[in-house]
Structure formats: C-alpha cells, structure tokens
Amino acid sequence: MSFAAFASAVLALLLAPGPTNTLIGVAGAQGGLGRVARLLPAELLGYLTAILPLAYLGADLMAELPAAALVVKVAAAAWVMLLAVRLWHLNPSGATGAITARRVYLTTLLNPKALIFALVLLPAPSEPDFSTKLTMFCLMVGVVALLWGFAGAMTQIGAGSDRRLQMTQRIASLWLALVSLSLIAGALTTV
C-alpha cells in the first residue's frame, strides 16, 4: 500500500466517531485543548499496546484462536457500555477530572479500530516501511485527537452554565451506548 493510500485509510478510520474520539471530544468540552494534550500520551500508548503485539503475533493468533477476536469484541463492548453509563450520570460541575488518562488508555486499548490498524493497514513488521508507517500513524493519532478535542471545546463557546456540557456528555453517552450495542451485534453475528 502506498504512503498516500495508507495515510488516507488511517485518517478515515481515525476520524470516524468511536469510543476514544468520544472521550477526547468530551475532554475537550470539559477542559479545552490543554486537557486533550495531557491525554494524548494515554491514547497513543493504548493504540501501541494493542497494535504492536497484534502486528507481530496477531494473524497467527487469530487463525489459531478464533475465539480470541470474540473475547476482544465482548470486552470492548462491555467497557464502552460502562463508559456510556458513567458519562450519562456524570455531574458536569465536577466533570473536569472524569476523563482520565487511564480511561482513555483502556478505551483505546480495547478499541476495535486497533485490530484494523494492526492486521489490515500496517505492513508486516518485517517490511521495510513498517517503522515509517507506524511513525506516520502515531503522528496522525495526535492530530486527530486534537481535532476531536477542538470540536469538543467548540461546543462550550458562549456557554454560561453547565447545561450545554451536560447535553454534550449525554449525547456522547448515547453514542457510546450505540457503539457498544453494535459491537455486541457484531460479536453475535460471528458466533
């Protein structure tokens, strides 16, 4: 895959709304881009923790243990639903610290997008362009996170109370619940 095709595919997938982007957007709404910048290492570490073992072992592991993919999907769905419930009940006035680096890391680690990056889009680690494309991926993760954080921060321009933040959190919560249900549906169709 050419570098342009790789970048286009990665950006399209990274920009798509999902659990990590939802948390980053809410973090932007709660604390602006400074808050998002402090969460970037957790997101990147989450992706790398998932991607690198999958890139090196994933194809063989998935062939030998097809149930492993099902376990990952169910775990991801459960985590995303838990996040949705917590976000729904979160008090906006005390919400600034609710989107933690730990939550961003775990959400990203369990993000099904990591499977696609590791097993489909990134070349095999033995390929000469693996490290270059992995570096490109890391840079794109940072740029996309800042875009989602900026979008979240923009929802609070002119807000005089916590009402708009609560609405942003509730919409994000509903989206996360929908993502969780779609993951469960996808897992059930593979059984």
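The values are calculated or read from the model by the stated rules, or taken from the named source; none is laboratory data. The structure presented is a predicted model; accordingly, all values stated were derived computationally and were not measured. These area figures cover heavy atoms from the full protein model, side chains too; ligands, DNA and RNA do not enter into them. Shrake-Rupley method; radii C 1.70, N 1.55, O 1.52, S 1.80 Å.
With a 1.4 Å probe and every protein chain left in place, tell me how much accessible area residue 164 has, in Å² to the nearest 10.
Looks like 90 Å² after rounding.
Using 0.36 nm times the number of residues separating residue 178 and residue 156, minus their current alpha carbon distance, what extension gain do you get?
This chain segment gains 5.5 nm when fully extended.
Just tell me, in residue order, which DSSP H segments of the chain are both 20 angstrom or longer along the helix axis (alpha-carbon based) and at least -0.5 in mean Kyte-Doolittle hydropathy.
19-53, 66-89, 130-154, 163-189
What fraction, in whole percent, of alpha-carbon pairs in the range 118-191 exceed 20 Å separation?
For the range 118-191, the fraction of Cα-Cα distances above 20 Å is 61 percent.
Given (1) 26; (2) 12; (3) 18, which label gives percent of Cα pairs over 31 Å apart as computed from the coordinates?
For percent of Cα pairs over 31 Å apart, the calculated option is (3).
Using helices alone, I'd like the mean residue ellipticity at 222 nm for the chain: each DSSP H run of four-plus residues gives -39500 (n - 2.57), total over residue count, nearest 500.
Value at 222 nm, helices only, nearest 500: -25500 deg cm²/dmol.
Largest first, what is the accessible-area ranking of 47, 105, 56 with a 1.4 Å probe?
So, going from the largest accessible area down, we get 56, 105, 47.
Report the residue, chosen from 109, 14, 65, that carries the largest GNM mean-square fluctuation when the chain is represented by alpha-carbon nodes joined by springs under 10 Å.
65
If you bin the C-alpha pair distances of the range 1-82 every 10 Å from 0, what whole percents do you get?
14, 35, 38, 12, 1
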